[in-house]
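Read through the structure below, which is laid out as structure tokens, and then see the notes.
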Amino acid sequence: MGQKPHDYWTISLCRDCHARQHQVGETTFERNNRINMKELAEEFCRQSPKRHEIMEAKRNV
């Protein structure tokens, strides 16, 4: 069984996309949708008004 990613690396997906990602796997899902989920999560962090708090917490993980 896979490990749950830390909340800092999660992104919101609709129900269908979430299910599809679990069915086909992360790599295939990213390739099929032409996205990089880690880069997307990092961009969400950079755009967040709480980015300084998030970055500090990530350093302490």
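Where a number appears in this text, it was derived from the coordinates with a stated rule and is not lab data. Because the structure is a prediction, the values reported are computed rather than measured. With ideal geometry, Cβ positions are generated from the backbone for all residues, glycine too; neighbour counts draw on all protein chains shown.
Quick notes on this one:
- Exposed loop positions in the chain were taken to be trypsin sites (Lys or Arg not before Pro) whose DSSP state is not H, G, I, E or B and which have at most 11 other beta-carbon atoms within 10 angstrom. Between these positions, the longest stretch is 1-33.
- Prolate/oblate/rounded call for the chain, Cα gyration tensor, a/c under 1.5 rounded: prolate
- Cα-centred dipole magnitude for the chain, charges only on beta-carbon of K, R (+1) and D, E (-1), debye, nearest 20: 20 debye
- Estimated inter-spin distance, Glu53 and Asn33, nm [label 7 Å along Cα→Cβ]: 2.7 nm
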